[in-house]
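Below is one structure, written out as structure tokens; comments come after it.
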Amino acid sequence: NSTATSQQNPTQNSQNGMQPGVAEAIDKADKNVEDFEAQIKAGEMFGRIKNFEKAITYFERANKIKPDDYQTLVILGNVNFELKRFSEVRKWYEKALAKNSDDVNVRADYGLSFFLSEPKDIERAIKEYKTSLSINPNHEPTLQNLAVAYSEKKDAEGVKETIAKLEKVNPKNQIIQKL
């Protein structure tokens, strides 16, 4: 039914395809490949409907226009993360971290990219988590990821210490019960 279709794909409406403005924004980006804002807007639209392959095209165009734009570097890392392309994730996050090494969220996700890779690089993930925590010792996602990494490494002391810190930050964090 048309309601189910419109819920599955936010660019669709129940009438005739795309919502007003979406087609125009994509068309504008395709016709004006040197328009940074148009590329970002089109990439975000594809990102919202989880078409990350298409989103990358527009964000890469934006990056070619403004290679030093920090947010675009982070977005390219994030979009590649969604596609589980961890070597690409690291490439973009490394460029972002070279500009802002104190971005605790990017640093934590950078570490997570090592943990989720095949094969896992748990030691490198732990190193990046520790760097993240040196910036913000109470960063809950980093503490959570570090606890899981120590658990996977079979480092009981590391798990215990990290869980104790995590309990202070958020005693209701789900990982506490799991570990």
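The values are calculated or read from the model by the stated rules, or taken from the named source; none is laboratory data. Nothing here was measured: the structure is a model prediction, and the numbers come from that model. A quick note on method: Cβ atoms are made from the backbone with ideal geometry, for glycine too, and the neighbour counts reach across all protein chains shown. Surface areas here come from the heavy atoms of the whole protein model, side chains and all, with no ligands, DNA or RNA. Shrake-Rupley method; radii C 1.70, N 1.55, O 1.52, S 1.80 Å.
Observations, loosely collected:
- Counting Cα-Cα pairs of segment 81-140 in 5 Å increments starting at 0 gives whole-percent bin shares of 5, 21, 30, 26, 15, 4.
- Cα pair count fraction exceeding 29 Å, expressed as % - the chain: 37
- A 1.4 Å probe run over segment 44-179, with the rest of the protein chains in place, finds 55 Å² accessible per residue.
- For LYS99, the lysines whose Cα falls under 17 Å of its own Cα, not counting residues fewer than eight places away in the same chain, are LYS64, LYS66, LYS91.
- Each of GLY21, GLN174, ASN80 was scored by the projection of its Cα onto the charge dipole of the chain, and the greatest displacement toward the positive side belongs to GLN174; charges sit on the C-beta of Lys, Arg, Asp and Glu.
- Loop-resident trypsin sites (Lys or Arg not before Pro) (DSSP state other than H, G, I, E or B) in segment 79-157 with no more than 11 further Cβ atoms inside 10 Å of their Cβ: LYS154.
- For the chain, the share of accessible area belonging to carbon and sulfur comes to 47 percent (1.4 Å probe, ligands and nucleic acids excluded).
- Residues LYS160 and GLU44, FRET efficiency given R0 of 41 Å [Cβ-Cβ distance, rounded to 0.05]: 0.45
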